[in-house]
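The values are calculated or read from the model by the stated rules, or taken from the named source; none is laboratory data. None of the values given here were measured: they were computed from a predicted structure. Quick reminder, even Gly has a Cβ in these numbers, built from the backbone with ideal geometry, and neighbours come from all protein chains shown.
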Amino acid sequence: MAKITYIAHDGTAFEVDAENGSTVMENAIKNAVPGIEAECGGACACATCHVYVDDAWTAKTGEAEAMEEDMLDFAYDIQPGSRLSCQIKVTDDLDGLIVRVPERQA
Amino acid sequence: MSENADIVETDVVIIGAGPVGLFAVFELGLLDLKCHLIDILDRPGGQCAELYPEKPIYDIPAWPEISGQGLTDRLMEQIKPFEPEFHFNRMVTGVEKQEDGSFVVTTDENEKIKGKVIVIAAGGGSFQPKRPPVPGIEEFEDHSVYYSVRRMEEFRDHDILIVGGGDSALDWTLNLQPIAKSLTLLHRRDAFRGAPDSVNKMKKLVDEGKIDLILGQVTGLNGADGVVESASVKTKEGDLIDVNCTRVLPFFGLTMKLGPIADWGLNLNENLLPVDTEKFATSEPGIFAIGDINTYPGKLKLILSGFHEAALMAQAAKKHISPDERIVFQYTTSSTSLQKKLGV
Ligand SMILES: Cc1cc2nc3c(=O)[nH]c(=O)nc-3n(C[C@H](O)[C@H](O)[C@H](O)COP(=O)(O)OP(=O)(O)OC[C@H]3O[C@@H](n4cnc5c(N)ncnc54)[C@H](O)[C@@H]3O)c2cc1C
Ligand code: FES
């Protein structure tokens, strides 16, 4: 279990209890966090689940793999903490994770 | 493929060469119906080939695991005996009913194909270039911003900005460089998804000073009356710069849009075609809809459901074309006549 905080583009925070093994995207959709669309349902094929991982957490969430990097090319306003949330799996280590939702999805 | 305006005639015109359209060729073929398929993509497979060619599918009966491309390849092999004819890189723009009850399908290249029956297997709609989320980009579309190159002359002697890091971006960089006044390739990182050979050729042009390569992202377009003068770019280092350009070609992948199907006078329900579950017929007799594009109570957007729909639709299509012919139910395992059609 991990507590994840999603910060929507307007600043509203959504706190969610996420189960290990689920993805950061799935928990956003389940809890109707605005601004995460996830059109492809988590197949790393749409880039509409783009989030910015808080600086303090990028080491824990790790780096995007090649396929995710390729897909990130289609996202809008990429920043150093940019990830596709369907590719981040929840573990106990991520308890307290903070991600921000971008202004718009691709 | 037809090169002139002559009308091609066939039994069935299938709109969409995704997995469901492909399998329909098999079921219609067993009933002696010849098919032409039209797809805006340059190859068969629909979503399986375009969106997830390498990813495994786990719920195709009798295939514990198969990739999107693998499934497409096997379907192509399975339907080969029926010699379907493919028209790729074509968007179906119109479907018109004829006096004799048949239909003429028109493509964006103005080809016409006449079919006794139309099968719409258009999935989530036609694949079209994604509009990059750059504010105000709509204003410049078709004047300065293009998502594909239809006529190279439109680009001659222009300051061209190409955005992207895949094959389309690289190919057009190489093709347009000789006729451009200047060409800038903009990509957000130093890794390119395109073919290694194209990447090398592109890098050589950069080294020779023939094109500019900038690592960064477009944040806005500047200009007036639909004409772009420059693009605002945030570089990888975080600097904000202006890149002079009068033609912009963004390559941000493809997305599915319903497209012209909405204009064919068929009943639609939330961009899907309602059908019955016996014949998979639309509101227009002789036009059927199968796969992701249709809807009915209990519909699941699964490949296996689309295959089932294709089998039942084929029976109904045969009856529509030859109402007086008796259709004998047969198994491919034991029917010598079916086996003859399959060439086994
Ligand atoms: C990431 C992902 C994973 C998936 N995983 C599974 C899975 O595990 N199991 C499963 O069963 N399903 C899965 N699906 C769903 C499955 O891919 C679809 O159900 C299937 O592709 C539908 O097939 P189709 O032939 O109906 O349509 P599509 O595959 O969408 O093909 C339709 C084709 O029609 C073309 N077209 C549409 N309109 C026009 C026009 N006007 N002119 C020309 N061409 C046109 C399109 O370009 C497209 O190529 C997945 C989908 C995605 C995106
Ligand atoms: S949900 Fe489509 S890429 Fe993450």
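The single condition among (1) within 25 Å of B:K234 (Cβ to Cβ); (2) surrounded by fewer than 19 Cβ atoms within 10 Å (Cβ to Cβ); (3) within 14 Å of chain B (Cβ to nearest Cβ) that A:G42 does not satisfy is (1). Select from the range B:112-138 the residues that are more than 9 Å from ligand 1 (Cβ to nearest atom) and modelled with pLDDT of 95 or more and write down the one among them that is farthest from B:Q315 (Cα to Cα). Looking at the filtered set, the residue picked out is B:K112.
Mind listing just one residue for me: the one in the range A:45-59 that is over 11 Å from the mean Cα position of the chain (by Cα) and of a type outside the set (D, E) and, of those, nearest to the other protein chains (Cβ to nearest Cβ)? Among residues in the range A:45-59 that are over 11 Å from the mean Cα position of the chain (by Cα) and of a type outside the set (D, E), the one nearest to the other protein chains (Cβ to nearest Cβ) is A:A45. Identification of strands (runs of 3 or more DSSP E) wholly contained in the range B:177-274 with 2 or more residues that are more than 21 Å from A:Y76 (Cα to Cα) yields B:182-187, B:212-224, B:227-235.
Hey, among the residues in the range A:18-39 that are of a type in the set (D, E) and surrounded by 12 or more Cβ atoms within 10 Å (Cβ to Cβ), which one's farthest from A:V99 (Cα to Cα)? That would be A:E39. Give the residues of the range A:26-59 that are at negative phi and within 13 Å of ligand 1 (Cβ to nearest atom), sorted by residue number. The answer is A:E39, A:C40, A:A43, A:A45, A:C46, A:T48, A:C49.
When the range A:78-97 is limited to residues that are closer than 11 Å to A:A2 by Cβ and within 16 Å of ligand 2 (Cβ to nearest atom), the one that is surrounded by the fewest Cβ atoms within 10 Å (Cβ to Cβ) turns out to be A:K89. Within the range B:129-171, if we keep just the residues that are more than 14 Å from chain A (Cβ to nearest Cβ) and polar (S, T, N, Q), the residue that is farthest from ligand 2 (Cβ to nearest atom) turns out to be B:S144.
Conditions (1) acidic (D, E); (2) closer than 29 Å to B:G94 by Cβ; (3) surrounded by 19 or more Cβ atoms within 10 Å (Cβ to Cβ); (4) touching a residue at least 12 places away in the same chain (Cβ under 8 Å), marked per residue:
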{"position": "B:D242", "(1), (2), (3), (4)": "yes, no, no, yes"}
{"position": "B:F251", "(1), (2), (3), (4)": "no, yes, yes, yes"}
{"position": "B:K257", "(1), (2), (3), (4)": "no, yes, no, yes"}
{"position": "B:P260", "(1), (2), (3), (4)": "no, yes, no, yes"}
{"position": "B:L273", "(1), (2), (3), (4)": "no, yes, yes, yes"}
{"position": "B:I293", "(1), (2), (3), (4)": "no, yes, yes, yes"}
{"position": "B:P323", "(1), (2), (3), (4)": "no, yes, no, no"}
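What about B:E54, is it buried (at least 21 other Cβ atoms within 10 Å of the Cβ) and of a type in the set (D, E)? It is false that B:E54 is buried (at least 21 other Cβ atoms within 10 Å of the Cβ) and of a type in the set (D, E).
Only a single criterion out of (1) small (G, A, S); (2) surrounded by 15 or more Cβ atoms within 10 Å (Cβ to Cβ); (3) not in a loop (DSSP other than H, G, I, E, B) is not satisfied by B:G94, namely (2).
Condition check for B:N267 on (1) touching a residue at least 40 places away in the same chain (Cβ under 8 Å); (2) in contact with a strand residue (DSSP E or B) (Cβ under 9 Å, 6 or more places away or on another chain): one failure, at (1).
Among residues of the range B:52-72 that are within 20 Å of A:C46 (Cβ to Cβ) and within 14 Å of chain A (Cβ to nearest Cβ), those with a beta-carbon under 9 Å from a residue that is among the hydroxyl-bearing types (S, T, Y) and assigned to a loop (DSSP other than H, G, I, E, B) at least six positions away or on a different chain give the pairs B:S67/B:Y52; B:G68/B:Y52; B:Q69/B:Y52. Taken residue by residue, the range A:51-59 has at least one member that is of a type in the set (A, V, I, L, M, F, W, C), within 22 Å of A:D93 (Cβ to Cβ) and within 16 Å of ligand 2 (Cβ to nearest atom). From the list A:G96, A:G62, pick out the single residue that is at positive phi, modelled with pLDDT of 95 or more and away from chain B (no Cβ under 14 Å). Selected residue: A:G96, the only one of A:G96, A:G62 that is at positive phi, modelled with pLDDT of 95 or more and away from chain B (no Cβ under 14 Å).
Please verify whether B:E109 is surrounded by fewer than 17 Cβ atoms within 10 Å (Cβ to Cβ) and either of a type in the set (A, V, I, L, M) or part of a strand (DSSP E or B) (or both), treating the condition exactly as stated. Taking the combined requirement at face value, the residue does not satisfy it. Only residues that are of a type in the set (S, T, N, Q) and away from chain B (no Cβ under 14 Å) were counted in the range A:65-93, giving 2.
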